[in-house]
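Quick notes on the structure that follows.
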Amino acid sequence: MNLPTPRLHAIGGLTCLLLMVLVVTVTPAAASATTAVEYDIAVRIDPLARRIEGRSVITVGIPGELMLVLGRRFEVTYALIDGVPLAAATAGTTSMHAWRIPRSQRGPRRIEIHWRGELAPLDTSLDHRQTLGRIEPASSAAGTFLPDSSGWYPQIAGTLARYRVSLELPPGQRGLVAGRLVEESDTAEGYRARFEFPFPSEGIDLMAGPYTVETGTMRGAGGRPIQLRTYFHPQIAELASKYLDEVKGYIEFYEAWIGEYPFTEFSVVSSPTPTGFGMPTLTYLGIEVLRLPFIRATSLGHEVLHNWWGNGVYPDYAHGNWSEGLTTFMADYAYKEREGSEAAREMRLGWLRDFAALAPGQDAPLTAFTSRTHGASQIVGYNKAAMMFLMLRDLLGRETFDRALQLFWREQRFRAASWVDLQRAFETASGQNLRVFFEQWLTRPGAPAVRMAEAARTRLDSGYRVTVTLEQQASAYRLRVPIALRTEGGEEIRILDLERGRQTFTLEVRTRPLEVVLDPDLRLFRRLMPDEAPPILRQVMVDQSVVTILLAENGEAHAAAEILATKLQNRAPRIISATNTLPTASALVIGLHEQVDAWLARRQLPARPEIVQGKGSAQVWTTSRSGGATLTFVSARDVTALAALVRPLPHYGRQSYIVFDGAKMIERGTWPTRVQVMRLD
Ligand SMILES: [Zn+2]
């Protein structure tokens, strides 16, 4: 049966707070078919008593059978369908009541239903992951959060719907749902507000709290006013004006880039739990999260952009979620480009390094991505997809690329759109057939691995000829491979169209060429060669084939090392004996300083790197071995120093080496990237 499911997306950039399974099974059909559902809801909420009482009139213009659902904790006190009392619930689940309503040909149907019930206590000790996992409607004086998926109001499953919501709260409380604030009043009796969402929506989330509201107004691109608001807890009220200014800046930025902002307001709402959600017309962020300075610079813009991608055009989840990749490209990555080409390259390198840390076969094709559930899905769903948009822009040119996005926006607003619709928009704008491009990046898992096999130079009468041979694995991708020709006169970038497993290209150049470099700017999504990808700690965190070697055979050091390995890998480690021959798989080696040094010496492996030597109380570093496997070492002065790493170490996945003093990181870095380069002589 179809039940409403969580569809909030977790905010980007909160790498420490992320991750939870959001299974989406209800795919809104194309908007045109389903805007026939409308809710008119009035609710009264008492956060102290945790009581809710509501009335709703649902108008349905669909003749087919319907499924009406409501959270199981609620009690229906009155219900009429076209004047006939509602029968007992027929098909529920553990969390939902459900009623099957047979088909009817007699014009629009009217369902009137009254309900009431108790809300769960709001647990502020929950972290983001736990908050995402709970779909209970929760309330307290500090805050109320009723996610759509909790079934806090009677809803027709699996449809998009317009709605009107009237809200009543006791004095001192304010609340909102996504949409336009039509009217409000704040008196000694309490707070009342009426909201309207006139577009087909995926569901209604309700928030309330002891908010101080600050407002601002801006003119949208079409000349309409847009109301900006912060609903902040008193302890962060002083942050309001900064947030209002930043939101205005982001809306202007995206209106110029994509098209008119689709709504009449945008609000930033604080939550007593450390969470991060984006919804149409608002973002709901933890108080502590809102205090972090980088949130305004990155995540806030990402959330504003979701009003176009995600909440303005809905992803057709059954065929893959394109909205996170496109939002990452146009928010997180775009801000890096604005900062400078070095910052943007650094982000691409981070994506490619993270991807290289996955064992081959550990990722899934992009079309299988629906939402972020674990490290590997973020590496694909956000990063690979973002890089795909970069390659597409490199292929089509910025102007055509932007035109396609504007076209996609105009045509798909408030509809569920798929990757196919995106492809069509890019094909229309460019006049090119992009089937191969989309197919290879969307439906194939993994990534191409490109190797420069040969490069040579010959003297011509005027200038020089350079031949370059590129290779890729058996099942070839069609790629545009950038190479740099370094000559006595400077550097030139050429694009080579690689289509086969092995191909030789001939290039002519005037000044004497000295070197050929493969993709020096890292603009191609590919599996970096072992030499190109400096090993990072992430690999032992995400690669399921990694084995663990504990150098302390028993005792406290052994126990501390095992806890650390488990925490780092988020699973029971596959432990092999320290006296075994070194396996071909990548390995995590944990021990005290003298144990690590002795183990390295016995195996004639390179000694502890100088950059960490003698520093801090614990040192972590990575090395690569021939064949692509890596070794990651955790070496501590004593058991206390080892135990101190359990909490901080998992936060340093992007580093090649880290030095700790107790639990405090005092030095870190990545080994330099070595590009594929060939000298011509
Ligand atoms: Zn997002």
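None of the figures in this text is laboratory data; all of them are computed from the coordinates on show. Source: prediction; values computed, not measured. Neighbour counts are summed over all protein chains in view; Cβ atoms, including those assigned to glycine, are modelled from backbone coordinates with ideal geometry.
With angles folded into 0 to 90 degrees, how steeply does helix 398-412 sit against the dominant principal axis of the chain? Use alpha carbons for both and round to 10. The angle comes out at about 30 degrees.
The listed peptides 154-160, 635-641, ordered by packing as a protection proxy, come out as 154-160, 635-641 (highest mean of other Cβ atoms within 10 Å first).
Seen from a random direction on average, the alpha-carbon convex hull of the range 450-518 projects onto 4.1 square nanometres.
Peptides 588-599, 301-312 ranked from most to least packed give 301-312, 588-599, packing being the mean of other C-beta atoms within 10 angstrom over each peptide's residues.
Rounded to the nearest 10 degrees, the inclination of helix 341-356 to the longest alpha-carbon principal axis of the chain is 90 degrees.
Put the Cα centre of the range 412-458 next to the Cα centre of the range 539-595 and the gap is 40 Å. What would the Debye equation give as log₁₀ I(q)/I(0) for the range 315-443 at q = 0.12, 0.13, 0.17 Å⁻¹, counting only Cα atoms as equal point scatterers? Here the Debye-derived log intensity ratios amount to -0.45, -0.53, -0.92. Overall, the chain carries a charge dipole of about 1040 debye about its Cα centre when +1 sits on the Cβ of Lys and Arg and -1 on the Cβ of Asp and Glu, all other atoms neutral. Listed by chain and number, the aspartates and glutamates placed with their C-alpha closer than 16 angstrom to that of residue 336 are 346, 521; residues fewer than eight positions away on the same chain are left out.
Helix 385-396 and the longest principal axis of the C-alpha atoms of the chain enclose an angle of approximately 70°.
Rounded to the nearest 5, the antiparallel percentage of DSSP beta bridges internal to the chain is 80%. From the Kirkwood radius over Cα pairs of the range 592-636, Stokes-Einstein at 10 °C and 1.306 mPa s returns a whole-number translational diffusion coefficient of 144 µm²/s. Annotation: extensible slack from residue 480 through residue 194 equals 97.6 nm (criterion: 0.36 nm per residue apart, minus Cα-Cα distance).
Overall, the range 401-473 carries a charge dipole of about 100 debye about its Cα centre when +1 sits on the Cβ of Lys and Arg and -1 on the Cβ of Asp and Glu, all other atoms neutral. Is the range 489-612 best put as rounded, prolate or oblate by its Cα gyration tensor, with a ≥ b ≥ c the root eigenvalues, rounded for a/c under 1.5, and otherwise prolate when a/b is larger than b/c, oblate when not? Because a/c hits 1.5 or more and a/b exceeds b/c, the range 489-612 counts as prolate. Taking other Cβ atoms within 10 Å as a rough exposure proxy, 352, 228 sort from fewest to most as 228, 352. P(r) for the range 363-516, from all Cα pairs and a bin width of 5 Å, is 2, 8, 14, 15, 16, 14, 11, 9, 6, 3, 1, 0, 0 %, short bins first.
For the range 244-303 and the range 603-681, compute the distance between their C-alpha centroids and round to whole Å. Rounded to whole Å, the Cα centres lie 37 Å apart. Within the range 469-576, antiparallel bridges make up roughly 90 percent of the DSSP beta bridges whose residues both belong there.
A convex hull fitted around the alpha carbon atoms of the chain yields 187 Å³ per residue. When only alpha carbons are used to place a centre, the range 163-209 and the range 86-112 end up 26 Å from one another. Stokes-Einstein diffusion of the range 505-575 at 25 °C, 0.890 mPa s viscosity, Kirkwood radius from Cα pairs, rounded to a whole number: 151 µm²/s. Simple point charges give the picture: +1 on the Cβ of Lys and Arg, -1 on the Cβ of Asp and Glu, and for the range 450-518 a dipole about the Cα centre of about 100 debye. Within straight-line reach of residue 567, meaning a Cα separation under 30 Å, sit the following lysines at least 8 residues removed in sequence or on another chain: 384, 615, 664. Peptide packing: for 177-187, 356-366, the average count of neighbouring Cβ atoms within 10 Å per residue gives the ranking 356-366, 177-187, highest mean first. Working note: Cα gyration tensor of the range 605-681, eigenvalues times five, square-rooted, sorted largest first, giving semi-axes of 28, 12, 12 Å.
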